[in-house]
């Protein structure tokens, strides 16, 4: 979906007509807070996923290290 400048102007005029000039700052403030919270939550989810991936990588490395140490400890006949 690609909006050009005229479409944006029409949308803004409709919003202005619906809500009026007194409500626009309140709406913008609420929208800004909502976007900020969404970005914060998205960042936290991303961090959690990265942490979980690192933990999984560490567990795999530990298991591989244990396997290789067990193989090297077996006596050869």
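What follows draws every value from the coordinates through simple rules; no lab data is involved. In this text, all values refer to a predicted model and were calculated from it rather than measured experimentally. All Cβ positions, even for glycine, are placed from backbone atoms using ideal geometry, and neighbour counts span all protein chains on display.
Assorted remarks:
- Residue in region 42-62 that is touching a helix residue (DSSP H, G or I) at 6+ places or on another chain (Cβ under 9 Å) and part of a helix (DSSP H, G or I) present: no
- Listed conditions (1) out of contact with any helix residue (DSSP H, G or I) (no Cβ under 8 Å at 6 or more places or on another chain); (2) part of a helix (DSSP H, G or I) are all met by residue 21, apart from (2).
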